[in-house]
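S.K.: Could you have a look at this structure, given as structure tokens, before my questions?
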Amino acid sequence: MSDKFESALKIILEYEGGNDNDPHDPGGRTSRGIIQREYNLWCRRYNEPIQSVWLATDDQIEMIYRENYWDPLMCDDMPAGVDLVLFDSGVNSGCSQAIKWLQRSLNVVDDGVLGPHTFTAVTDERDIPGLITEICGRRLNMLEHLSIWKYYHHGWTNRVHDVQSKALEWAKGASTCSQDTKLSLSLSSSLSSALFKPSTSQTLDLAPQ
């Protein structure tokens, strides 16, 4: 399990909580954010006995998050911060919708498919904090127009704002590390040049007498 996935999953699980069977939730019976229908499909895929999702092991839940959200959204290859908002958006609203928010924020075709054009646009994006903020804004705007907004508006608003804040911290941390690395490489290069470049006095000493 990658460090990025482990850190992101910890945040998602804090948002999702434990076992639930909210009558207002279209997903129905849920455990740690995974609905019963999704768990049944996973069990069939791996020839596991179908049971209540409330009885799913933590390892099973982790595998579902990895296989159904993190990997399809290519989060391992996304910039720091974008990986988190994309992952959380996919968990909350589906991968296709999460990709559309990303695509609209990048001004590319919003087909809900994470293809080479979209990935190139992400890679070329220089304003990662701006991209994170744009995705979260579009996400919250759509959630506000859902019929079940009246039941979940406090939780969803807090969740989107919190994940945006955390994602911006991740992006800032990655930017700082990148700058430190560049500075370290620059200093190393300067030091190497100084060590291997003869000084004026050394050159004079080596000259024929």
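S.K.: Here are the criteria: (1) in a helix (DSSP H, G or I); (2) small (G, A, S); (3) at pLDDT 50 or above. Tell me which single one S147 does not satisfy.
M.R.: (1)
S.K.: Residues of region 78-98 being under 22 Å from A174 (Cα atoms) and assigned to a helix (DSSP H, G or I), which ones?
M.R.: Selection gives V82, D83, L84, V85, L86, F87, D88, S89.
S.K.: Follow-up. Scanning for something of a type in the set (S, T, Y), assigned to a helix (DSSP H, G or I) and buried (at least 16 other Cβ atoms within 10 Å of the Cβ), does region 123-132 turn up at least one residue?
M.R.: We begin by selecting, within region 123-132, every residue of a type in the set (S, T, Y); these are 123.
So of that shortlist, the ones also assigned to a helix (DSSP H, G or I) come out as 123.
Retained after the next criterion (residues that are buried (at least 16 other Cβ atoms within 10 Å of the Cβ)): none.
Looking through region 123-132, none of the residues is of a type in the set (S, T, Y), assigned to a helix (DSSP H, G or I) and buried (at least 16 other Cβ atoms within 10 Å of the Cβ).
S.K.: Can you tell me which of V160, V109 is of a type outside the set (G, A, S), at pLDDT 95 or above and over 17 Å from the mean Cα position of the chain (by Cα)?
M.R.: That would be V109, the only listed residue that is of a type outside the set (G, A, S), at pLDDT 95 or above and over 17 Å from the mean Cα position of the chain (by Cα).
S.K.: For region 24-55, how many residues meet the condition of being under 24 Å from S2 (Cβ atoms), out of contact with any helix residue (DSSP H, G or I) (no Cβ under 6 Å at 6 or more places or on another chain) and either of a type in the set (V, I, T) or in contact (Cβ under 8 Å) with a residue 24 or more places away in the chain (or both)?
M.R.: The qualifying residues number 1.
S.K.: Would you check if P49 is surrounded by fewer than 16 Cβ atoms within 10 Å (Cβ to Cβ), outside the structural domain of K166 (by TED's automatic domain parsing) and within 28 Å of R138 (Cα to Cα)? Give the derivation first.
M.R.: Numbers: surrounded by fewer than 16 Cβ atoms within 10 Å (Cβ to Cβ): yes; outside the structural domain of K166 (by TED's automatic domain parsing): yes; within 28 Å of R138 (Cα to Cα): no.
Spelling it out, it is not the case that P49 is surrounded by fewer than 16 Cβ atoms within 10 Å (Cβ to Cβ), outside the structural domain of K166 (by TED's automatic domain parsing) and within 28 Å of R138 (Cα to Cα).
S.K.: Another question about this same structure. Exactly one condition in (1) within 20 Å of the chain's Cα centre (by Cα); (2) over 30 Å from R126 (Cβ atoms) is false for D22; which is it?
M.R.: Evaluating D22 over (1) within 20 Å of the chain's Cα centre (by Cα); (2) over 30 Å from R126 (Cβ atoms) leaves (1) as the failure.
S.K.: Output the qualifying pairs, or none if there are none: Cβ atoms under 8 angstrom, residues six or more apart or on different chains, first residue in region 120-143 and outside the structural domain of Q164 (by TED's automatic domain parsing), second residue surrounded by fewer than 16 Cβ atoms within 10 Å (Cβ to Cβ) and at pLDDT 95 or above.
M.R.: Cβ pairs passing all conditions: none.
S.K.: Assess whether S52 counts as being among the polar types (S, T, N, Q) and either touching a Cys at 6+ places or on another chain (Cβ under 7 Å) or within 25 Å of H153 (Cα to Cα) (or both).
M.R.: On the way: among the polar types (S, T, N, Q): yes; either touching a Cys at 6+ places or on another chain (Cβ under 7 Å) or within 25 Å of H153 (Cα to Cα) (or both): no.
Considered against the rule, which asks whether it is among the polar types (S, T, N, Q) and either touching a Cys at 6+ places or on another chain (Cβ under 7 Å) or within 25 Å of H153 (Cα to Cα) (or both), S52 comes out as no.
The values are calculated or read from the model by the stated rules, or taken from the named source; none is laboratory data. Given the structure is predicted, the values throughout are model-derived calculations rather than measurements. Don't worry about glycine lacking a Cβ; one is built from the backbone with ideal geometry, like all the others, and counts go over all protein chains shown.
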